[in-house]
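A short write-up of the structure that comes next.
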Amino acid sequence: YGNDIRLKSNSTDVWITETVDSFSGSTRPKIAVDSTGGIHLVYGHYEGSGGYSPYNGIMYATNGSGVWNYKLISTDRIHNPSLAIDTNNKVHIAACELNSYTRDMICYLSNKSGTWTTEYELSPVNILSSSFIPIAVDSKNNYHIDFLNTYDSGGVTLNYRTANYGSQIIYNAYAVINNLNTDIFYVIVDSVGFVHHFYVLNNILYHATDLD
């Protein structure tokens, strides 16, 4: 919180730093590059006071047209975004929606249809809002999301959600975590389509996959 967004690149064989967004309420940026070399950024946008301001939202920036364009794609209380680019160079974003009245939820945003749409996970899960929610997209443009689920009785579970079976949502609590590093866990999809999950537990890197 309280930082502008800067990009450092050597695409011209010389390292150049440019300020993408000088707004002081920009935070926790994530970056992806599409097949044409266009850069896509997503980051938190805070205009109010404190993390629960109703003006929190997600800012999206891209230089795909040759100049930087910006769009505030959500003004809900959403933060800690991550993004992935599909084979059509469309953007898929996962983030946490802060909800003071019920439970924090997964938020999924995409412009795959040509306009930005937002979906919320309404199942009774409580997302660990202090961690980001990694997302990957496979060759069929289906998204894959990892997230941390906390329980009122204590404990955290590392969970997985995908939409590659149409409207059906699949949950797989593949690891029950006690000493998880909540800042280091990722999901990727390989060229064959297998999903791989990485996380750090007790300072050891673990790998879980659906290969078997």
*Condition test on residue 21, is it over 23 Å from residue 133 (Cβ atoms) and either aliphatic (A, V, I, L, M) or free of Cβ contacts under 8 Å to residues at least 60 places away in the same chain (or both)?*
no
_Residue count for segment 61-70, restricted to those that are within 17 Å of residue 27 (Cβ to Cβ) and either open to solvent by 20 Å² or more (accessible area, probe 1.4 Å) or out of contact with any strand residue (DSSP E or B) (no Cβ under 9 Å at 6 or more places or on another chain) (or both)_ = 1
*If you scan segment 171-205, which residues turn out to be part of a strand (DSSP E or B), open to solvent by 70 Å² or more (accessible area, probe 1.4 Å) and modelled with pLDDT of 85 or more?*
186, 188, 205
_Residue under question is residue 58, and the condition is that it be modelled with pLDDT of 90 or more, under 19 Å from residue 5 (Cα atoms) and either surrounded by 14 or more Cβ atoms within 10 Å (Cβ to Cβ) or β-branched (Val, Ile, Thr) (or both); does it hold?_
no
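The values are calculated or read from the model by the stated rules, or taken from the named source; none is laboratory data. What you see is a predicted model; the values in this text were computed from it and never measured. Neighbour counts run over all protein chains shown; Cβ positions are idealised from the backbone, glycine included. Heads up: the accessible areas ignore ligands, DNA and RNA and are worked out on the full protein's heavy atoms, side chains in. Shrake-Rupley method; radii C 1.70, N 1.55, O 1.52, S 1.80 Å.
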